[in-house]
Amino acid sequence: MIKVWQCIECGYEYEGPKAPTRCPECGADCEAFELYEYEDEEEDWEDEEEWEEDNWDDDKSRRNR
Ligand SMILES: [Zn+2]
């Protein structure tokens with residue numbers, strides 16, 4: 001799981017488990033960072049699996065025709 005932090009001073013987005021000690025854009029300290037959103041890696045993986053399954057079904061139905 002990746003956390004996305006956003007600097008409230010300049011809007012800089014940082015991905016990582018913890019907020020950076022200092023904003024590389026405006027130099028604000030870690031207190032200026034707010035948790036912006038979560039990126040759920042597990043969900044992405046499920047989507048990929050579903051896509052493969054769809055492809056497989058498509059391939060099978062083509063053979064039956
Ligand atoms: Zn900033």
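Using modelled amide H (1.01 Å from N, peptide plane; none on Pro or chain starts), what sits under 5 Å from the amide H of Tyr36, excluding residues fewer than 5 places away?
Val4, Trp5, Gln6
For Ala28 and Ile8, calculate 0.36 nm times their separation in residues minus their Cα-Cα distance, and state this gained length in nm to one decimal.
Once the chain is fully extended between Ala28 and Ile8, it gains 6.3 nm.
Read the figures in this text as sums done on the coordinates, not as results from a lab. The structure displayed is predicted, hence computed values, not measured ones.
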